[in-house]
1. If neighbour count is taken as other Cβ atoms inside 10 Å, put B:98, A:58 in order from fewest to most.
2. Based on other C-beta atoms within 10 Å, arrange A:122, A:142, B:23 from fewest to most.
3. Could you list, bin by bin from short to long, the percent of Cα-Cα pairs of the stretch A:12-69 in 5 Å steps?
4. Within a 10 angstrom radius of the beta carbon, how do A:7, A:151, B:11 rank from fewest other beta carbons to most?
5. State the extension gain, in nm to one decimal, for the chain segment bounded by residue B:3 and residue B:68, taking 0.36 nm per residue of separation less the distance between their alpha-carbons.
């Protein structure tokens, strides 16, 4: 079962096969979770969205049409839609997301570990980037997170988002410029 | 100097550039600090976004999803089962309507009931009673025939 392609698995899921669903879940839980974590910035949110995403995958398996696209972009499209709708609802409740409010799970520092300083530096950089990412509009953040996950090509992201590849590359470039401006300002503030 | 477009540099960085273009871009990068710096920055952002130990999904994620699906499915399943159950009910109703229409007349024709001994509407009433009984029997038979299918379907979904 674990060697079956996605298309065969989703057909079985559509017939109510829980084992096929488990294989599909195990195949995608880690990369989808990583994307959701970067889109939402909080582990608790990402966990909730992961559950919602795969619940929707199970319930919508019957409606998946192989002629209209592959399973992988379809799953990511469901994940994106979940994140978008939840983020929209969240913003409705709290209109402004402050950088100070961003929760980051820092790894526990181990005293005396030789690479601690380097690790913390790397962690701070990732933290600053995560915070800067959260300030980007959703449509810019999505393309950066999805492509940098190395799970989807631009063609597959186009399939998942319904946007042309040229538009996606242009958005990526705009996001990069915005991140550069934000991070440059952050480093300047720190000096 | 003509620089590759940002889109072309993105393709190069993510390994999506076609083979012939790739070589030309790489040659350009070796002599262009501006484009090389763009690609290096891409690499830095990608590394910063790379997964770490905290990226592990919840261990009980699958169980939680299955529990959520089980909670959502019965409501949807019940709707489908009601829709399926409507078919035998509709058939039974049609059979009943036919029996009501023809029952009394048929009984009188066969001489099983005489209008004189039981009154002017007795044949009609007896026909209605038999039709109602027939309706119950037909409904029960159809439900019995469909029950294993419905049960299997329900188990398959849960």
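Every number in this text was worked out from the coordinates using simple rules, so none of it is lab data. These numbers come from a predicted model, not from an experiment. Cβ sites come from the backbone with ideal geometry, for glycine too, and all protein chains shown count toward neighbours.
1. Ascending Cβ contact count within 10 Å gives the list B:98, A:58.
2. B:23, A:122, A:142
3. Calculated over all Cα pairs of the stretch A:12-69, the distribution is 4, 19, 25, 22, 17, 10, 4, 0 percent.
4. A:7, A:151, B:11
5. Separation in residues times 0.36 nm, less the Cα-Cα distance, equals 18.2 nm.
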